[in-house]
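These notes are about the structure you will find just below.
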Amino acid sequence: MIVCGDDGLAHRLAAELRGVYAEQVTLVVPPSGRRVRRPVVGRARAASAALLDRVVSAAAGRAGAGGGEPAANEQVVEAAEVTEAVLTEVGADRAAALALVYDDDETNIRAALTARRFNPRLRLVLRLYNRRLGQHIEELLDQTAAVASGDGQGAGLDASTTVLSDADTAAPALAATALVGTSKVVQTEGLVLRAVERQPPRPGEVADPGLCTLALLSATSNDPAGADGSEGSGENGPRLLPDEAAVAAATGRGTVVLEQVSYSGPSLPAGRGGVPPFASLFSRRLRWSLAGLVGCVLALAVGLMIVTGEHPLYATYVTLLDLFGINDPAFHESTARQVLQLLSGLVGLLLLPVLLAAVLEALGTFRSASALRKPPRGLGGHVVLLGLGKIGTRVLTRLRELHIPVVCVESDPDARGMATARRLRVPVVLGDVTQEGVLEAAKIHRAHALLALTSADTTNLEASLYARSVRPDLRVVLRLYDDDFATAVYRTLRAAHPFALTRSRSVSHLAAPAFAGAMMGRQILGAIPVERRVLLFAELEVAGHPQLEGRTVGEAFRAGAWRVLALNTSPPGGRRGEGEPAGEERVPAASGLVWDLPPTYVLGAGDRVVLAATRRGLAELLGRRRRERAGA
């Protein structure tokens, strides 16, 4: 396996391939002056007494040079860019997969084209932020591999191209973490998986499994191992994919259950793209002024009708002529008529500034329709989102799909996500979040949650600490670059504010399992974090997996490793025909995903299934099949 990158995701991905899949990894990184600190997977955390020192040391030493020796099964090669010479040096002609996870889309595309030309049989995994471009690149590289096979179909090739975005992978988890009672979401091409945390049952009660219990949460909030909610927590840590007996015995533990597995497309906000309503064109004061003037005109018309005895329409017409100053002076008329004419002229003088104000306000309203909106007065219960970069933009889109009110804070008026905020009509506060008054302008004192997603760890941490001082009970989620640093910050903030919900997330930690699974040749639909562990959702063919093929859904389930959730009946997906054993449970043929699979349904070689799996469970499935292929 070859991993090429210039940030923490490359190191995290290499560690994932080594520690979980036991693969030999060659890591291609920029020269030493540009390298980042390598994260360590599975390292024991320090004792609780040294938490604050760890936060300070992590903040001070994170930017240091590449520290640490390579692992025994890892080779590190320094190269400014991926060329054919570099690919030859790292053995790309013999490699099974190549991951290109540079932070620049153009660099990854250029390297992918070079690699596909160098070895058409190489499995490629690309990191691209631009989703539409990623689809075209994926089709192009797959077609290139098919043509290189000689038959134009790519038969027998184990080569494929997978384009992933760390922003898309991490956004659902970051958005869901900020919402109390809102499910964690994994979404891909019309598929929506929702998982929700349920509170621990009372003593003597049994945890409600819901449709499917995905995990049991930690049994303690003070782990002596110093690894709360991670794989190093032992029996006190979260348990992924437990069996029925474990769920029944788990009194005092919260659960993560599958609550809904159906797609409902998000509806567009009302009024987008149309003409603003009349009430939004003019201010309340201006509307009352216009109403007063209309009332004055009607009163003058009625007065004129009484004085002269004219028809109401004629009296209104004469009043309007007096109002606009185009009627003859009433020299020889009665005193009452002259007074009415003078009052009409006075009202006409008042009408001019009101009409001018109405025109200016209407123009300002249309002009501001494409400009940034300000947080409305009285706003509350919203999510304050800091940073509109790659991650922040994806999270903003996800929150709006969930119909959650959002206020964004961004210091750069030309940031990537400003256009998205305008399109979604989301209020934005321009300013440095570390400056006094910026968070107050975003109504942080009435907010439901704070999402600190800027690219600077210190900015996210400072904003979170300040928000805590304003609202000690505020729900805070902050993005931190390094997972070790995120763990230390999380535990420190939790110790300082035991009754407030705080979550720290590393984007590389959330995204690495999906990239690693793609390198192993499986379509990873998404990942759901369970405290500091990750549960993967993948789609694979049953054929070639003895743990699944020929077994019932109940027999295929392995506690703590994997669970079959759904059957994909959309083409290509062959159904078993004649000769299948009698008495098997059958699922009616349908196009799409079938979720309510009976435990007695037998998985055939032509089936494709969606399953939830731990990282090690998925690695076991893939490793068994790869060993069989190697033996053949």
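The values are calculated or read from the model by the stated rules, or taken from the named source; none is laboratory data. Small disclaimer: the values here were computed from a predicted structure and weren't measured. Note that each Cβ is placed from the backbone with ideal geometry, even for glycine, and that neighbours are counted across all protein chains shown. Heavy atoms of the whole protein, side chains included, go into the accessibility calculation; ligands, DNA and RNA do not. Shrake-Rupley method; radii C 1.70, N 1.55, O 1.52, S 1.80 Å.
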>> Going through 385, 340, 351 one at a time, which residue ends up being closer than 30 Å to residue 175 by Cβ and either in a helix (DSSP H, G or I) or touching a residue at least 60 places away in the same chain (Cβ under 8 Å) (or both)?
In response: 385
>> I want to confirm something. Restricting to region 109-137 and keeping residues that are within 22 Å of the chain's Cα centre (by Cα) and without any contact (Cβ under 8 Å) to a residue 40 or more places away in the chain, which single residue is surrounded by the fewest Cβ atoms within 10 Å (Cβ to Cβ)?
In response: 132
> Got at least one residue in region 388-398 being modelled with pLDDT under 85 and surrounded by fewer than 20 Cβ atoms within 10 Å (Cβ to Cβ)?
Replying inline: no
>> Return the residues of region 413-428 that are in a loop (DSSP other than H, G, I, E, B) and out of contact with any Gly (no Cβ under 9 Å at 6 or more places or on another chain); say none if nothing qualifies.
In response: 413, 414, 424, 426
> Condition test on residue 378, is it modelled with pLDDT under 85 and either of a type in the set (Gly, Ala, Ser) or in contact with a strand residue (DSSP E or B) (Cβ under 8 Å, 6 or more places away or on another chain) (or both)?
Replying inline: yes
>> Restricting to region 271-291, and then to whatever is open to solvent by less than 80 Å² (accessible area, probe 1.4 Å) and either under 30 Å from residue 565 (Cβ atoms) or in a loop (DSSP other than H, G, I, E, B) (or both), can you tell me which residue is modelled with the highest pLDDT?
In response: 283
> Would you say residue 393 is closer than 21 Å to residue 165 by Cβ and not in a strand (DSSP E or B)?
Replying inline: yes
> Which members of region 399-412 meet the condition of being assigned to a loop (DSSP other than H, G, I, E, B) and at pLDDT 85 or above?
Replying inline: 405, 411, 412
> Which one is modelled with the lowest pLDDT, of the residues in region 231-270 that are at positive phi and assigned to a loop (DSSP other than H, G, I, E, B)?
Replying inline: 252
>> Can you find a residue that is touching a Phe, Trp or Tyr at 6+ places or on another chain (Cβ under 8 Å) and either within 30 Å of residue 511 (Cβ to Cβ) or polar (S, T, N, Q) (or both) anywhere in region 339-359?
In response: no
>> Considering only residues that are modelled with pLDDT of 75 or more, under 21 Å from residue 511 (Cβ atoms) and not aliphatic (A, V, I, L, M), which ones fall in region 466-496?
In response: 479
>> Take the conditions of a type in the set (Gly, Ala, Ser), at pLDDT 85 or above and either open to solvent by 50 Å² or more (accessible area, probe 1.4 Å) or over 30 Å from residue 534 (Cα atoms) (or both) and apply them to residue 309. Does it pass?
In response: yes
>> If I go through region 429-478 residue by residue, how many of them are open to solvent by less than 10 Å² (accessible area, probe 1.4 Å), of a type outside the set (Gly, Ala, Ser) and part of a strand (DSSP E or B)?
In response: 5
> Of (1) modelled with pLDDT of 50 or more; (2) charged (D, E, K, R); (3) surrounded by fewer than 16 Cβ atoms within 10 Å (Cβ to Cβ); (4) more than 24 Å from residue 247 (Cβ to Cβ), residue 555 satisfies all except one. Which?
Replying inline: (4)
>> Criterion first (assigned to a loop (DSSP other than H, G, I, E, B), over 22 Å from residue 514 (Cα atoms) and at pLDDT 90 or above) does residue 66 satisfy it?
In response: no
> Taking the stated definitions as given, is residue 315 open to solvent by less than 30 Å² (accessible area, probe 1.4 Å), in contact with a helix residue (DSSP H, G or I) (Cβ under 7 Å, 6 or more places away or on another chain) and modelled with pLDDT under 85?
Replying inline: no
> Do we find a residue being open to solvent by 80 Å² or more (accessible area, probe 1.4 Å), more than 30 Å from residue 448 (Cα to Cα) and assigned to a helix (DSSP H, G or I) anywhere in region 318-333?
Replying inline: no
>> Where the second residue is surrounded by 22 or more Cβ atoms within 10 Å (Cβ to Cβ) and of a type in the set (Lys, Arg) and the first is more than 14 Å from residue 547 (Cα to Cα) and lies in region 607-619, which pairs have Cβ atoms under 9 Å and are six or more apart or on separate chains?
In response: 612/563
>> With the requirement that a residue be more than 16 Å from residue 307 (Cα to Cα) and open to solvent by 50 Å² or more (accessible area, probe 1.4 Å), what does region 334-356 give you?
In response: 346, 349, 350, 352, 353, 355, 356
